[in-house]
Amino acid sequence: MEDLKHRILQKANELYMKFGIRSVSMDDIARHLGVSKKTLYQHYAEKDQLVFEVNRLHQQNWSSKMAEIIGQAADSIEELLRFTIMLREEIATMNPGIMFDLYKFHRQAYEDWAGFKSKVIRDSVKNTLKRGIDEGFFRKDLDIEILATLRVEQVELGFDDEVFPHKSFSLEQVQLQLFDHFIYGLLTESGRKHYETRKKEYHQIN
């Protein structure tokens, strides 16, 4: 029973990421899983509930990945670079309209994501900024509260089709440019040199 529930979540996530949330029906999910609609609705009574649970699955995955990066990164620069790689990998398989679908048609799930973003992700950015200041890589005069909020909202902004129309802008390129712009505003001279060295290393690896 639990195995099927997990398979439903995984398949729904796969289809939502590829095609967007709005265009994938409960019928589509049942067909791709090879189960009846009745079986699907026994586990998830409506699409809103399924979208909410898929969203929670994403939050768990992000939390695990962030904890791993924080635990393994040698310094704040590596943390930010690895966070960016994580975001790039996520975007590579993501339909660019997924955030709009979530906001427009599944507000409970969107509000839940917004809470996760403003608390867990924002706190993670704050801790990285504090670490970078202590290491001498980031400027001491930074307002951590403002900049952590800015960074979180920048990522969200990159998904906004009105600001960066998906027909004209690559979602990945937008996010990479926003990140580069953000980090150069943080760096001390030693931080800039270290960042550019590590950035070249990561580009060669990835």
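The values are calculated or read from the model by the stated rules, or taken from the named source; none is laboratory data. Quantities reported herein were computed from a predicted structural model and do not represent experimental measurements. Using ideal geometry, Cβ is built from the backbone for each residue, glycine included, and neighbour counts are taken over all protein chains shown.
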Worksheet, complete the sentence: Considering segment 163-200, residues that are within 18 Å of the chain's Cα centre (by Cα) and acidic (Asp, Glu), and then whichever is surrounded by the fewest Cβ atoms within 10 Å (Cβ to Cβ), we arrive at Asp180
Item to complete: Specify the residue that is surrounded by the fewest Cβ atoms within 10 Å (Cβ to Cβ); the eligible residues are those in segment 113-144 that are in a loop (DSSP other than H, G, I, E, B) and at negative phi.
Response: Asp141
Discussion item. Which pairs turn up if I take residues in segment 182-195 that are over 17 Å from Ala148 (Cβ atoms) and at pLDDT 95 or above and look for partners that are basic (Lys, Arg) and not in a helix (DSSP H, G or I) with beta carbon separation below 6 Å, at least 6 apart in sequence or on another chain?
Written reply: Thr188/Arg139
Worksheet item: Residue check, Phe159 against (1) more than 19 Å from Met17 (Cβ to Cβ); (2) at pLDDT below 95; (3) not polar (S, T, N, Q); (4) not in a helix (DSSP H, G or I), all met but one. Which one?
Response: (1)
